[in-house]
1. Could you list, in sequence order, all residues of region B:278-312 that are within 10 Å of chain A (Cβ to nearest Cβ), part of a helix (DSSP H, G or I) and farther than 17 Å from residue B:263 by Cα?
2. Mind checking which residues of region B:260-274 are in contact (Cβ under 8 Å) with a residue 40 or more places away in the chain and surrounded by fewer than 23 Cβ atoms within 10 Å (Cβ to Cβ)?
3. Check whether at least one residue in region A:506-527 is under 25 Å from residue A:387 (Cα atoms), part of a helix (DSSP H, G or I) and not assigned by TED's automatic domain parsing to the domain that holds residue A:592, and report yes or no.
4. How about region A:100-114: which of its residues are assigned to a helix (DSSP H, G or I) and surrounded by fewer than 19 Cβ atoms within 10 Å (Cβ to Cβ)?
5. Tell me the residue from A:585, A:637, A:572, A:565 that is within 14 Å of another protein chain (Cβ to nearest Cβ) and modelled with pLDDT of 90 or more, please.
6. Six or more apart or on different chains, Cβ under 6 Å: which pairs go from a residue in region A:685-698 that's within 7 Å of chain B (Cβ to nearest Cβ) to one that's crowded, with 20+ Cβ neighbours inside 10 Å and outside any helix (DSSP H, G or I)? Could you list them?
7. Give the residue that is nearest to residue B:194 (Cα to Cα), with candidates limited to residues of region B:248-277 that are part of a helix (DSSP H, G or I) and at the interface with chain A (Cβ under 7 Å from one of its Cβ atoms).
């Protein structure tokens, strides 16, 4: 972790938990792993103060701790990843509100405030009258919890007055969230750093003495260790069963999504399907009873990252294709959500064989999408959201080249003669006759003919459309009906999916129907993340150095980033005058967007005249540089927010007094109100910007 | 070689008839297409030399070579000749030995031109000698200095009467050896507009679609149906009143213009007297791709305009400004969260530390930014 990431974490901790914990966190973040006495030495606080801060930080999972072998002193270490995620809590709550409603988002905001919480304690906070059925958790002090939730605007007592929630409702909400992966179980391992976890797992997992071969024994042991780590991370099967003993795993669909394990994919990729299905499976846990009170839950930021990426991809699709298509894409990505546990797909294998690579990607079948209510509702919109063209101008042959049996329902539409699209005027006898032929033939043969008819001729000629413009449109009146390939409403969905895979960004990869499997759509997350990253870098470059710089960086980033070009070549490619280009290149180089390599022609003398200069773009280096700058910017914004708040501190404090809230108009002076509003605006601006920067961080770091 | 020995032999034939034969031989050779290279047999087969007398032929060629009317070449180790025009021969005659040597190299370089340094190396002459020869040739307007696009600093020469080839000039994008960025700009704008017109369907062209979408958009949406994607979508500027909505063509559409189509169109448009070749057009298209204004259709080939750019172009056309937003100043187009904040474009970000000379507390850029 970098300097500014650390600074940012400290600033965030300071803003939320106050000065004392942030000082302790600062000491840990800048000095690395410390024991308690080391911490005392570095902070100059009293042991009581340090102990108190440490407990707050541990409660929030901002500090790792580990007692090696239960001997010796416990060691503490700052958890920089989680502390950064404090900046993302707002997004989490907003997401919950959108998907699961107000109650769920309240619930989760409580969980966020508490760091992690025992289900029993959560229940009791909402329903104080209910008897605890289990022993109090040692980790979560219940008085701590009630104290915190008192501070929080969502007060359990006041809440029940507004809407009456039952315990069942609470539990089913929690289990829904667990099912969607937005809450997850807490295990001891969450409080240990990755290295400690491995050490601990290796310590705990026994070696199987029954296996003779030492090599084999080692291999099984290593797999067991991995399995243990996964169990810790994602919850073991046994845990899941005790969590909800009388759960029925129904196929009740939740917004049209139901569990479908990509078992085939894993088999193909030669991967073991491990116990990932319980939580990540996305199956709704339909609970008839209560969840086990002793389980401890927390929010799962890994899932949020996946959802954030999906949102950005949808925005990209919207920007580059259109709203209707992006709606389809949004639903598809959402359906694919349960198939991912992490943003960086652990199953993904970049392979020369596209089949294997495809198999490691999350896939969604067309039929599953067709079942989604929202999409059905939108179908009329979908079918009208495509431009209409002459049917002869559509060739799906290449898009679906792998499909041996194209079973596409594809009739030419006899809609009213539309005045038509831009290409409109070009119509020919040929297409007309084809059209007539299409109608007369049976559906099926039409389909085959349609998708294949153009293919052979296309093979010989790369630009079959060349001649088209030179046909004489005047001789034949424009009678050929235009089509957008949509006949029935359900066809529209498929058309949009095809359109998504027909984009240069490659939003989807069609997986053709086989004998045993339905037609599916794979999401190439890996490549798409890279596209998002490159887009982010290019847009930073453009806004800093202008569009010509964007051109240069795209040239350098093309060809798999391995191209190194000298100035002359760049001039030739970019057609930018050399002088102008040189200025651009140097300022881009200074800002760390591109890199320069010098190759001396005269050995060790390195005279500038005898040196070749090659420019290149290193996406990873650039990414890190931009990430650093983003962290720094965020840090400064948060710091500035504090400065702004200090300026109007007395007013803000007055406005926040319980007797003033709601009666600001009466109790605050005119000047105070103005200052307050001004400050609120600034605050909004700053935090809005922090939110946007956080999205950039997600692109640069998490995807 | 036999011929070489013969050339040195004194001739004994009578001068007059030999001169006639010589002239006839020259006339016969000159009547054939220029640049033809004659071997000994070719010359004999012309039928000018009586009895195919090798000795006579040799004497004739020898004299013609001396007069500069024939040029002696060697091919595969055998002597052969090429006709030199009378005017050119005249030029050679007036030149000194060094000058004629230099001239011959410049001449042989043709439309490509020859670099000063190459001239020196090939001729084996001293730098000053070459320099003088070049100067005097230039003065007499026999050769000229040209600028090559690839190596603008090299002194390159070619015959005064020739036009530099495209390799030298750098193709249509260069004028006088320098990049003509205005030309590039104009051509790319035209190309973009051409592609924009063929990449997206306008819903207004399609009354059926229009009414349909209107109807559904009027339907009140319950908040239940509003997912986060929709919220995201509706927050985009696409809901502006003067926003032109463009519909994508169906998947597998083959009507996106290809390189050759665009090339033909631009040549037919009389936009510029220069005729573009496909390779040059590809160069131009690549630039548009790198500018993020068009993109290449992967499967069926052809180019289509990026939606954002297409809308910008169409808006420009509609307001009759003709100007599309494509300034060269930073900040035009392309917004990033990083550069929105003052720190992302801060010139003194390197000094910015908590207790440093520049800090978040006293930062003026922040003050300005928060005031907006």
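The values are calculated or read from the model by the stated rules, or taken from the named source; none is laboratory data. This is a predicted model, so every value here is computed, not measured. Using ideal geometry, Cβ is built from the backbone for each residue, glycine included, and neighbour counts are taken over all protein chains shown.
1. B:290, B:307, B:308, listed by residue number.
2. Residues satisfying the conditions are B:265, B:266, B:269, B:271, B:272, B:274.
3. no
4. A:100, A:102, A:103, A:113, listed by residue number.
5. Just one listed residue meets the conditions, A:637.
6. A:689/B:341
7. Residue satisfying both the conditions and the ranking: B:261.
Every residue, every condition in (1) part of a helix (DSSP H, G or I); (2) touching a residue at least 24 places away in the same chain (Cβ under 8 Å); (3) crowded, with 16+ Cβ neighbours inside 10 Å; (4) under 32 Å from the mean Cα position of the chain (by Cα), yes or no:
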{"residue": "A:4", "(1), (2), (3), (4)": "yes, yes, yes, yes"}
{"residue": "A:9", "(1), (2), (3), (4)": "yes, yes, yes, yes"}
{"residue": "A:29", "(1), (2), (3), (4)": "yes, yes, yes, yes"}
{"residue": "A:38", "(1), (2), (3), (4)": "yes, no, yes, no"}
{"residue": "A:45", "(1), (2), (3), (4)": "no, yes, yes, no"}
{"residue": "A:65", "(1), (2), (3), (4)": "no, yes, yes, yes"}
{"residue": "A:84", "(1), (2), (3), (4)": "yes, yes, yes, yes"}
{"residue": "A:90", "(1), (2), (3), (4)": "yes, yes, no, yes"}
